Ligand SMILES: [Zn+2]
């Protein structure tokens, strides 16, 4: 089992999600996710809550973390 990564470790970065159903790509600022679910929430927990804006599928997606560009 992988060690759980928490949002607090990635504050300032972006979570880019790709919907498994329709391949729509969308992103959230991790700072904003922290406001909603808190710093202690895991990346996995945030991913499973993410809703695709195109097909409304919740939690069926893959994600990657993109460091905020300076
Ligand atoms: Zn979708």
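So in region 50-70, with the set limited to residues that are within 15 Å of the ligand (Cβ to nearest atom) and in a strand (DSSP E or B), which one is surrounded by the most Cβ atoms within 10 Å (Cβ to Cβ)? So that I can check it myself, show each step before the final result.
Our first condition is that a residue be within 15 Å of the ligand (Cβ to nearest atom); within region 50-70, this holds for 50-63.
Among the residues that remain, those that are also in a strand (DSSP E or B) are: 51, 58, 61-63.
Working: 51: 15, 58: 11, 61: 21, 62: 11, 63: 17.
Only one residue tops the list, namely 61.
For region 5-41, the set of residues classified as surrounded by 12 or more Cβ atoms within 10 Å (Cβ to Cβ) and assigned to a loop (DSSP other than H, G, I, E, B) consists of 5, 11, 13, 20, 21, 22, 24, 38, 39, 41, listed by residue number. List every residue pair whose Cβ atoms lie under 7 Å apart, where the two residues are 6 or more positions apart in sequence or sit on different chains, the first residue falls within region 20-33 and is in contact (Cβ under 8 Å) with a residue 40 or more places away in the chain, and the second residue, located anywhere, is outside any helix (DSSP H, G or I) and more than 15 Å from the ligand (Cβ to nearest atom). Listed by first residue and then by second, the contacts come to nothing, as the list is empty. Within region 34-49, the set of residues being touching a residue at least 12 places away in the same chain (Cβ under 8 Å) and within 16 Å of the ligand (Cβ to nearest atom) comprises 47, 49. In region 42-49, the condition of being at pLDDT 95 or above, touching a strand residue (DSSP E or B) at 6+ places or on another chain (Cβ under 7 Å) and assigned to a loop (DSSP other than H, G, I, E, B) is met by no residue.
The values are calculated or read from the model by the stated rules, or taken from the named source; none is laboratory data. These figures come from a predicted structure and were not determined experimentally. Every residue, glycine as well, gets a Cβ built from its backbone with ideal geometry; the counts of neighbours run over all protein chains shown.
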